[in-house]
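Report on the following structure.
Read-outs: derived from the displayed coordinates by stated rules, not from any lab. Keep in mind that what you see is a predicted model, and the values were worked out from it rather than measured. Methodologically, a virtual Cβ is constructed for each residue, glycine included, from the backbone with ideal geometry; neighbour enumeration extends over all protein chains shown.
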Amino acid sequence: MNTNNENPRVGKRFQIAVKEWFEKETGDHYELEYPIAIGEPAKLHKFDIAEKNGKRVIECKCYTWTETGNVPSAKMGFTNEAVFYLSFLPDSVEKIIVMSKSYHLRRGETLAEYYFKTNRHLLGHIKIMEYDMDTKTMHMAGENK
């Protein structure tokens with residue numbers, strides 16, 4: 001289990017791994033902590049990952065189920081906040097939240113699948129994906145496996 005002071009390093013490693021996956025899969029170049037003006041009046045917000053030409057913006061969430069299989073409620077609130085910020089981007093931008101793959105036997109589903117299932121009505125065109133750091137694979141939440 002990670003201690004709280006390890007969380008920023010774990011999150012940054014996850015963010016870099018997701019960036020590298022997208023670069024490999026798409027052949028496009030991405031930037032970390034990319035500022036984009038949102039809102040009215042416009043204010044800069046740093047998104048975790050953005051494609052240089054602006055066609056794809058990604059937020060990363062490296063969260064896990066609690067040890068007992070409960071929902072990490074406060075962290076899900078931060079995921080909802082990411083949905084909120086992404087919703088200000090134009091429809092021409094592909095908006096994605098990538099969550100770390102976290103499966104719990106008691107739940108029988110991954111945290112990304114749970115999040116998609118319970119919050120799909122809020123997502124609009126925002127995609128929820130999950131990245132497995134061990135296998136370096138990406139899966140779209142809400143799609144049959």
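Of all residues in segment 59-109, those satisfying the criterion of being in contact with a His (Cβ under 7 Å, 6 or more places away or on another chain), under 27 Å from residue 35 (Cα atoms) and surrounded by 11 or more Cβ atoms within 10 Å (Cβ to Cβ) are 85, 95. If you go through segment 27-45 one residue at a time, do you hit one that is touching a residue at least 24 places away in the same chain (Cβ under 8 Å) and closer than 16 Å to residue 130 by Cβ? For segment 27-45, residues touching a residue at least 24 places away in the same chain (Cβ under 8 Å) and closer than 16 Å to residue 130 by Cβ: absent. Set side by side, the residues 89, 44 differ, and just one is more than 16 Å from the chain's Cα centre (by Cα) and over 21 Å from residue 139 (Cβ atoms), which is 44. The residue pairs whose first member lies in segment 107-136 and is over 18 Å from residue 72 (Cβ atoms), whose second member is outside any loop (DSSP other than H, G, I, E, B) and among the basic types (Lys, Arg), and whose beta carbons are closer than 6 Å, counting only pairs six or more residues apart or on different chains, are 126/95.
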